[in-house]
Amino acid sequence: MNKTAISLFKQKAMQLASTFEVCCCLDSNNYRDLYSQYDCLISFGIQEEIKVSAGKAFSNLKSFYDSSKDWMFGLLSYELKNETEQLITNHKDQLDFPDLYFFIPKYLIALQGDEIKVLKGDEEIIETINKVSIINFSAKTDIRIESRFDKKTYINTVEKLQEHIKRGDIYEVNFCQEFFANNAKINPLSVYQELNELSPTPFAGFFKIYDQYILSATPERFLCKRGNQLISQPIKGTAKRSTDLIEDEQIKTNLKSSTKEQAENVMIVDLVRNDLTKSAVKGSVKVDELFGIYTFPQVHQMISTISCELKPEVHFVDAIKNTFPMGSMTGAPKIKAMQLIDTYEKSKRGAFSGSFGCISPDGDFDFNVIIRSILYNSAKKYLSFQVGGAITYAARAEDEYEECLLKASAILKVLGQN
C-alpha cells in the first residue's frame, strides 16, 4: 500500500476504535529512531483490564502481566509517586484519571512502512475497517480557556522556587501551570487528529478510557525496553523555531551551545542515570547521546539518550517503578522537587506528566511522557492541559512564562484560542 492508502486506513481504524469504550493509538508519525518497533499501533476493545490506585499498583501490574503475557496498553499517572515515595497530594482533581489503568485489547492493528498487520483479533477486522465511512467532525470548539496562574503570580512563584535553590534545597524543579475549561464540549478524536496534524511528534497518542481522553502530541519518551536494554530520552532545553531558514539554523546552534540549557539537561541526565542504576547490570549505564538537538514543527528540543542493560533478576515492571516519575518532569533531588511541586503548583497533575504506552507479550515496552497533551473528561465536560519548564538558579522567570506559552501554542491554536 502507498502512503496515502496507509494514511486513509489509519484514519478509518482510529474512527472505528474510538467507538469502543476503551482504545489506545500510539503513533510515531513516521519519525525514524533507533528504538521504534512499529510506525503506529491501534488497539481497541477490552479482553481484560486492571484499574488500581496508588499503593500496590506496580505489584498489581506485575501480576496482571505475568498471568497473561499478552499485549497490553495503559496509563501510569504521575500520582503513582505516592507509591514510589512517601508523598501526598493536596490539590483537587477534576479529571479523575485512574492512578494506573491497563487493558488487554481484543483487537490490535500495527502499521509498519507499507504493511498492515493484525497482531490481535480476526483478520476480518481489516475488511470492517475498510468499510468505515469517515466522518469529518470539526475540531473547532466554543470554549473559554482559563489559567490557574496569571503572569505576575507565576513569576512570583518562580522566584520563590529560586529561593529554595539558593538555600540548597534543590538544584532544579519542573514547575507547571494548568490551563482549563469548564463546560467544554469537544469531539476528542477530531481535536486529536488536528493536533497531530499541526504538531506531529514521535510519541503521539490518543487514549480513551471510557469517559476520559488523553489527546497527546508529546515529543518525549520516558522509557522503553528492547530485549535486555532499557532506554530513556529526557528532554530539557527548548527554543522557538523561525520561519526564516538561516535564522532557524542559528537558533539550533544557539540552543546546542547554551550553557543554561546544557546545565538543565545534564542535571536530569545524571538523575536518570541514577534511576537506571537501580535496575542495571553493574557498569552498563551509559549516555548514548548528550545534548542532541531535534526539530519539531513549533520548537527545537535538546534531548539526551541514556541506556543500560537490565539485570536478569529484575522484573521489567520494577525497572519502570525504579525510574518513575521521570526526572524531566520532577527535578533534582527528585523527592524534594516533588514536595515543592505539590506546594507551589495549584493543580493535581494526575495523568499529566505521567505516561502511557504499551507492553508486548515478550516484556518489551515503550512509554511516553504526557506533555503537550489535552486531558478531557467528557462526563464532567472538563478540559485541561498543563505546561511547564525547568526552573534553575539561572532561569529568568519571564522567559519561563513565555516558554510555557510556546509549549502550549499548538494546543491553543487547535482549541481556537489564537
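The values are calculated or read from the model by the stated rules, or taken from the named source; none is laboratory data. Note that the structure is a prediction, hence the values are computed from the model and not measured. Cβ coordinates were reconstructed from backbone atoms using ideal geometry, including for glycine residues, and neighbour counts include every protein chain displayed. Note: areas computed on protein heavy atoms with side chains; ligands, DNA, RNA excluded. Shrake-Rupley method; radii C 1.70, N 1.55, O 1.52, S 1.80 Å.
Descriptive notes on the structure:
- As a ratio to 2.2 N^0.38 Å, the alpha-carbon radius of gyration computed for the chain takes the value 0.93.
- Across the accessible surface of the stretch 363-418, with the other protein chains kept in place and a 1.4 Å probe, carbon and sulfur atoms take up 47 percent.
- Distance distribution P(r), the stretch 1-96, all Cα-Cα pairs, bin width 5 angstrom from 0: 2, 9, 16, 15, 17, 16, 13, 7, 3, 1, 0 percent.
- Signed unit charges on C-beta, dipole axis of the chain, positive-most listed residue 245, 192, 119: 192
- Over the stretch 155-201: Kirkwood hydrodynamic radius from C-alpha pairwise inverse distances, Å: 14.3
- Loop-located trypsin sites (Lys or Arg not before Pro) across the stretch 46-140 with a Cβ neighbour count of 14 or fewer within 10 Å are 56, 69, 92, 131, 140, with loop assigned by DSSP.
- Among the GluC sites (Glu not before Pro) in the stretch 100-138, those located in a DSSP loop and surrounded by at most 16 other Cβ atoms within 10 Å of their own Cβ are 123.
- Within the straight-line cut-off of under 16 Å between alpha carbons, the lysines reachable from residue 282 are 311, sequence neighbours fewer than 8 places apart in one chain being disregarded.
- When the convex hull of its Cα atoms is viewed from all sides, the stretch 201-329 shows a mean projected area of 9.3 nm².
- Positive dipole terminus of the chain, leading residue within 110, 153, 201 (C-beta point charges): 153
- For the chain, the solvent-accessible area with a 1.4 angstrom probe is 41 square angstrom per residue.
- Here the accessible area is traced with a 1.4 Å probe on the protein chains. For the stretch 91-142, carbon and sulfur cover 43 percent of it.
- Percentage relative contact order, the chain, counting C-alpha pairs under 8 Å, at least six apart: 24
- Note: the stretch 1-42, Cα convex hull, 69 Å³ per residue.
- Value of Rg/Rh across the stretch 184-238 [Cα atoms, Kirkwood radius]: 1.08
- Listed residues 126, 341, 214, most fluctuating in the chain (Gaussian network, C-alpha, under 10 Å): 126
- Along the axis of the charge dipole computed for the chain (Cβ charges of +1 for Lys and Arg, -1 for Asp and Glu, origin at the Cα centre), the listed residues 316, 406, 295 are led at the positive end by 406.
- Too-long pairs where the Cα-Cα distance tops 18 Å, listed order kept, from 260/321; 12/381; 92/208; 286/321; 106/208; 69/106: 260/321; 12/381; 92/208; 286/321
- With contributions of -39500 (n - 2.57) from each DSSP H run of at least four residues, the per-residue ellipticity at 222 nm computed over the chain stands at -10000 deg cm²/dmol.
- If the segment from residue 257 to residue 59 were pulled out straight at 0.36 nm per residue, it would be longer than the present Cα-Cα gap by 67.0 nm.
- Only the Cβ atoms of Lys and Arg (+1) and of Asp and Glu (-1) were treated as charged; on that basis the dipole of the stretch 30-189 about its Cα centre amounts to roughly 540 debye.
- The base-10 log of I(q)/I(0) for the stretch 174-213, evaluated at q = 0.24, 0.27, 0.28 Å⁻¹, reads -1.05, -1.09, -1.09 [Debye formula, identical scatterers on Cα atoms, solvent excluded].
- Of every Cα-Cα pair in the stretch 269-378, the percent that sits beyond 18 Å: 61
- Residue 30 paired with residue 293, simple spin-label distance in nm, labels 7 Å along Cα-to-beta-carbon: 2.6
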